[in-house]
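What follows is a set of notes on a single structure, which appears directly below.
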Amino acid sequence: VQLVESGGGLVKPGGSLRLSCAASGFTFNKAWMIWVRQAPGKGLEWVGQSRSITDGGTIDYAAPVKGRFTISRDESKNTLYLQMDSLTTEDTAVYYCSTGPRGWGQGTLVTVSS
Amino acid sequence: DIQMTQSPSTLSASVGDRVTITCRASQSVSSWLAWYQQKPGRAPKLLIYKASSLESGVPSRFSGSGSGTEFTLTISSLQPDDFATYYCQQYNSYSTCSFGQGTKLDLK
């Protein structure tokens, strides 16, 4: 299993950013995929998840990001996305994608600051 | 949503000690429970999955137990490399997943 996140960076409050997670080594179109974040000096926080089509294809979000973040997946590219809009300083964190306990990416840092 | 309560939040111990960290779920998660070790600037490292299955390559001094709502991670004899932060995670593709707040294990 290999997961590689990209797209992090510095963005101003109110701005947008799209993270990507390129997957390989497993059957992506059957995989449950989640986004997790970790603010500086804080614990791990579940952001949201995307179930495979065979599991219903539904998407769930944590309360702090619901309505601002959108998870999508491109099965043809084996890639998971996290579109983040209306960003605030509270969204500053390392963002990880995961396909369950045995598959994590290395994370990408998002910094929201003026 | 299922809440995970991990204790203690900080644990001071010495090399060679046996330590136990507890994780309680607000409702049953069956055996869908993982334990991770994290060091600063690194991604979480899986230690235990399905409550008690040791991940390949993880030393046998780590063990997990429990089911339903009560889980424990035990380190039988602390080694210098074990001083880190530990998290539990309940995971189930048919539910949302959540993490405990973490236990920082430091040198007494």
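Got a sec? Which residues in segment B:84-108 would a label at A:Lys42 touch, if it sits 7 Å along Cα→Cβ and we count backbone N under 15 Å? Once the point is set 7 Å along Cα→Cβ of A:Lys42, B:99-102 turn out to lie under 15 Å by backbone N, inside segment B:84-108. Report, in debye and to the nearest 20, how large the dipole of segment A:1-64 comes out about its Cα centre when Lys and Arg carry +1 and Asp and Glu carry -1 on their Cβ. In total the dipole reaches around 140 debye. Candidates B:Ser7, A:Gly8, A:Met84 compared by Cα position along the dipole of the protein assembly as shown: farthest toward the positive end lies A:Gly8, with charges placed on Cβ. Cys residues of chain B that find no other Cys beta carbon under 4.7 Å: B:Cys97. Net charge dipole, chain B: roughly 120 debye, given to the nearest 20, about the Cα centre with Cβ charges of +1 for Lys and Arg and -1 for Asp and Glu. Within a straight-line Cα-Cα reach of under 14 Å, B:Lys45 can be paired with the following aspartates and glutamates, leaving aside sequence neighbours fewer than 8 residues apart in one chain: B:Glu55, B:Asp81, B:Asp82. Per residue, the convex hull spanned by the Cα atoms of segment A:1-61 measures out at 114 cubic angstrom.
All alpha carbon pair distances within chain A were sorted into 5 Å bins beginning at 0; the resulting P(r) in whole percents reads 2, 12, 25, 26, 19, 10, 5, 1, 0. Contact order, relative form, for chain A: 38 percent (alpha carbon pairs under 8 Å, 6 or more residues apart, mean separation divided by residue count). Each principal axis of the Cα atoms in chain B has its own extent, and those three values, largest first, are 39, 26, 26 angstrom.
Hydrodynamic analysis of the protein assembly as shown uses the Kirkwood radius over alpha carbon pairs. Inserted into Stokes-Einstein at 25 °C and 0.890 mPa s, it gives a translational diffusion coefficient of 137 µm²/s. Expressed as a whole percent, the proportion of Cα-Cα pairs in segment B:45-108 lying more than 16 Å apart is 50%.
A straight line joining the Cα centroids of segment B:61-108 and segment A:45-114 runs 23 Å.
If you take the alpha carbon atoms of segment A:29-96 and fit the smallest convex hull around them, that volume is 85 Å³ per residue.
Using the alpha carbons alone, the radius of gyration of segment B:11-73 stands to its Kirkwood radius in an Rg to Rh ratio of 0.98.
Read-outs throughout are calculated quantities, based only on the coordinates presented, and are distinct from any laboratory measurement. Everything numeric in this text was worked out from a predicted model, so none of it was measured. Quick reminder, even Gly has a Cβ in these numbers, built from the backbone with ideal geometry, and neighbours come from all protein chains shown.
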